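S.K.: Before I ask anything, let me first share the structure, which is written out below as structure tokens.
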Amino acid sequence: MRSVKVSDYMTDYVMTFTADTDLFQAIGTMLERKISGAPVLDKEGNVIGILSEWDCLKRILHGSYYEEVGGTVGDYMQTEVLTISPNDDIVDVADNITKKGWRRSIPVMDNGKLVGILSCPDILKVIYDFDEHTGEGAHGRA
């Protein structure tokens with residue numbers, strides 16, 4: 001497969017949250033925008049975490065057991081955040097995240113600034129487009 005840059009397939013409009021965003025407001029936003037998660041930024045615009053629908057579900061189910069549902073994004077976000085560059089090779093990124101078992105969207109950073117996000121569907125689109133344009137793939141064949 002040819003080399004493809006992250007910038008060719010990343011989503012450059014990124015929905016973000018702050019740590020003090022109400023959890024249910026964040027869930028409503030993710031449902032409304034049909035996104036599976038979003039980076040969490042501090043007041044200076046630095047990525048300090050990421051909130052995924054999986055984090056929300058897991059924590060709400062746990063909280064309902066103890067009758068403690070609710071809170072803020074900061075209470076539920078993952079603080080271990082993998083970031084990538086817009087110039088990274090998308091196949092290398094895919095290989096890296098599958099080896100690590102990373103299942104969240106990945107913030108794309110350029111000189112410390114959030115410039116996009118890359119999700120699993122974005123990576124799958126690369127494979128689909130490559131297959132479609134080369135005529136080497138089996139999709140669409142009977």
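S.K.: Rg and Dmax of segment 6-134, Cα atoms, in Å?
M.R.: 15.5, 55
S.K.: While we're looking at this one, here's another question. With a Förster radius of 41 Å, plug the Cβ-Cβ distance of Tyr128 and Glu44 into 1/(1 + (r/R0)^6) and report the FRET value to the nearest 0.05.
M.R.: Rounded to the nearest 0.05, the efficiency is 0.65.
S.K.: For Lys58 paired with Asp8, estimate the spin-label separation in nm (one decimal), with each label point 7 Å from Cα along the Cα-to-Cβ line.
M.R.: Inter-label distance under the simple model: 3.3 nm.
S.K.: Further question on the same structure: Placing unit charges on C-beta atoms (Lys and Arg positive, Asp and Glu negative, everything else neutral), compute the dipole magnitude of segment 6-134 about its Cα centre in debye, rounded to 20.
M.R.: Approximately 260 debye in magnitude.
S.K.: Once you keep just the Cα pairs under 8 angstrom separated by 6 or more residues, what percentage relative contact order results for segment 1-113?
M.R.: 33 percent
S.K.: Could I ask something else about it? Which order do the peptides 49-61, 77-89 come out in when sorted by mean C-beta neighbours inside 10 angstrom, highest first?
M.R.: Ranking the peptides 49-61, 77-89 by packing returns 49-61, 77-89.
A short reminder: the numbers here are calculations on the coordinates, not readings from a lab. What you are looking at is a predicted structure, and each value in this text was computed from that prediction instead of being measured. No Cβ is skipped: glycine too gets one built from the backbone with ideal geometry, and neighbour counts run over all protein chains shown.
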